[in-house]
Amino acid sequence: MAAEGWFWLWGWGRRCLGRPGLPGPGPGPTTPLFLLLLLGSVAADITDGNSEHLKREHSLIKPYQGVGSSSMPLWDFQGSTMLTSQYVRLTPDERSKEGSIWNHQPCFLKDWEMHVHFKVHGTGKKNLHGDGIALWYTRDRLVPGPVFGSKDNFHGLAIFLDTYPNDETTERVFPYISVMVNNGSLSYDHSKDGRWTELAGCTADFRNRDHDTFLAVRYSRGRLTVMTDLEDKNEWKNCIDITGVRLPTGYYFGASAGTGDLSDNHDIISMKLFQLMVEHTPDEENIDWTKIEPSVNFLKSPKDNVDDPTGNFRSGPLTGWRVFLLLLCALLGIVVCAVVGAVVFQKRQERNKRFY
């Protein structure tokens with residue numbers, strides 16, 4: 001188990017050469033035993049990508065079955081989606097197309113990691129291409145709509161791989177990856193590239209690459225992490241890391257894409273879901289995870305975000321909770337000053353009495 005801890009620790013940083021989506025090598029014969037024992041404790045938190053943890057019922061892997069037909073085992077697709085022997089093309093490089101692919105089976109894993117091998121490419125130059133891909137873990141499936149080919153006001157998680165800046169005033173550099181969690185009450189604003197509902201994001205140059213491009217999404221114990229491998233260096237690079245995320249079980253994995261006046265080929269080569277071996281407390285085990293409402297325990301609302309090219313949050317307008325915090329801090333400051341003043345005044349009075 002200790003050796004596996006070393007193996008898994010490196011797994012999130014490197015992928016195994018020749019085996020897309022899988023973590024890197026384990027320890028060599030000279031690895032110190034005490035170091036293995038020390039790192040062994042992290043093994044339960046990170047998947048090693050081995051087949052024993054691969055959930056095939058939620059994975060899309062070559063060779064695909066059903067090539068040339070309108071359906072395939074375990075997955076449904078709609079719209080412009082086309083299944084070939086090498087990739088699933090959600091949209092061709094044509095205007096006004098949208099397509100999606102969705103897993104048949106609801107996922108009841110509390111902790112999981114999805115590795116996505118994808119490709120976005122086309123003939124458009126500079127900003128003359130769009131719109132992008134969305135990866136989904138949602139309550140509803142196969143519902144077309146305006147959000148990268150899928151429905152708005154969804155319930156669940158979405159990761160947007162956006163290639164076109166609709167907001168001309170934005171300082172962000174595109175392509176751009178962002179995350180949104182929704183309980184059905186929020187609408188994705190295309191005109192602002194989803195800025196008001198975005199939880200976090202990063203710039204990611206994944207379009208028209210000559211090599212394979214990968215994205216990994218991990219959800220475990222309320223922590224959502226998104227990482228990329230876009231440089232052909234066989235290494236994962238951090239993009240998004242959020243805590244306090246609550247997602248239910250029993251939702252569906254899927255991917256969709258859309259084009260408008262501008263277009264691109266949006267291809268999914270594989271989607272591999274791995275189960276994370278994580279221990280939960282008895283209280284957590286007794287929770288009905290299918291009844292959890294998608295939410296994020298965030299200090300501030302995503303609607304308070306303003307544009308930030310780094311993908312981080314900056315101060316927004318003074319909304320109700322901000323005013324409350326400011327008033328609370330002011331009140332605490334007044335109380336502290338009053339107490340300190342009273343103590344100083346009392347000591348001065350005692351000092352003055354000594355002179356009489």
In the range 249-280, residue nearest to HIS121 (Cα to Cα) [restricted to those that are surrounded by fewer than 24 Cβ atoms within 10 Å (Cβ to Cβ) and of a type in the set (Asp, Glu)]: ASP267
Count of the range 175-234 residues which are open to solvent by less than 20 Å² (accessible area, probe 1.4 Å), closer than 24 Å to HIS129 by Cβ and of a type in the set (Ser, Thr, Tyr): 6
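Kindly evaluate GLY130 against the criterion of being over 19 Å from the mean Cα position of the chain (by Cα), open to solvent by 10 Å² or more (accessible area, probe 1.4 Å) and under 21 Å from LYS97 (Cα atoms).
Details: over 19 Å from the mean Cα position of the chain (by Cα): yes; open to solvent by 10 Å² or more (accessible area, probe 1.4 Å): no; under 21 Å from LYS97 (Cα atoms): yes.
In short, no.
Go through the range 276-286 and report how many residues are closer than 21 Å to LYS55 by Cβ and among the β-branched types (Val, Ile, Thr). Can you show your working first?
Of the residues in the range 276-286, the ones closer than 21 Å to LYS55 by Cβ are 276-280, 284-285.
Those left that are additionally among the β-branched types (Val, Ile, Thr): 278.
Count: 1.
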Residues satisfying the stated conditions in the range 194-220, i.e. closer than 20 Å to LYS272 by Cα and of a type in the set (Lys, Arg): ARG218
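Any residue that is closer than 30 Å to GLU285 by Cβ and surrounded by fewer than 17 Cβ atoms within 10 Å (Cβ to Cβ) - is there at least one of those in the range 98-105? Before you say what the answer is, go through the steps one by one.
As a first pass, look at the range 98-105 and keep what is closer than 30 Å to GLU285 by Cβ: 102-105.
Right, trim to surrounded by fewer than 17 Cβ atoms within 10 Å (Cβ to Cβ) and you get 104-105.
For the range 98-105, residues closer than 30 Å to GLU285 by Cβ and surrounded by fewer than 17 Cβ atoms within 10 Å (Cβ to Cβ): present.
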Residues (farther than 14 Å from HIS117 by Cα, in contact with an Asp or Glu (Cβ under 9 Å, 6 or more places away or on another chain) and open to solvent by 20 Å² or more (accessible area, probe 1.4 Å)) located in the range 236-248: LYS237, ARG246
ARG172 being in contact with a Phe, Trp or Tyr (Cβ under 6 Å, 6 or more places away or on another chain), open to solvent by 10 Å² or more (accessible area, probe 1.4 Å), under 24 Å from ILE242 (Cβ atoms) and of a type in the set (Lys, Arg): no
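Would you check if LYS125 is open to solvent by 10 Å² or more (accessible area, probe 1.4 Å), in contact (Cβ under 8 Å) with a residue 24 or more places away in the chain and farther than 18 Å from ASP167 by Cα?
no
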The range 152-169 - residue that is over 23 Å from HIS121 (Cα atoms) and of a type in the set (S, T, N, Q) and, of those, surrounded by the fewest Cβ atoms within 10 Å (Cβ to Cβ): THR169
Residues (open to solvent by 60 Å² or more (accessible area, probe 1.4 Å) and in contact (Cβ under 8 Å) with a residue 40 or more places away in the chain) located in the range 60-80: LYS62, GLY79
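The values are calculated or read from the model by the stated rules, or taken from the named source; none is laboratory data. In this text the structure is predicted, and so the values were computed from the model without any measurement. Here the Cβ is made from the backbone with ideal geometry for all residues, glycine too, and neighbour counts use every protein chain on show. All accessible areas refer to the heavy atoms of the entire protein, side chains included, with ligands and DNA or RNA removed. Shrake-Rupley method; radii C 1.70, N 1.55, O 1.52, S 1.80 Å.
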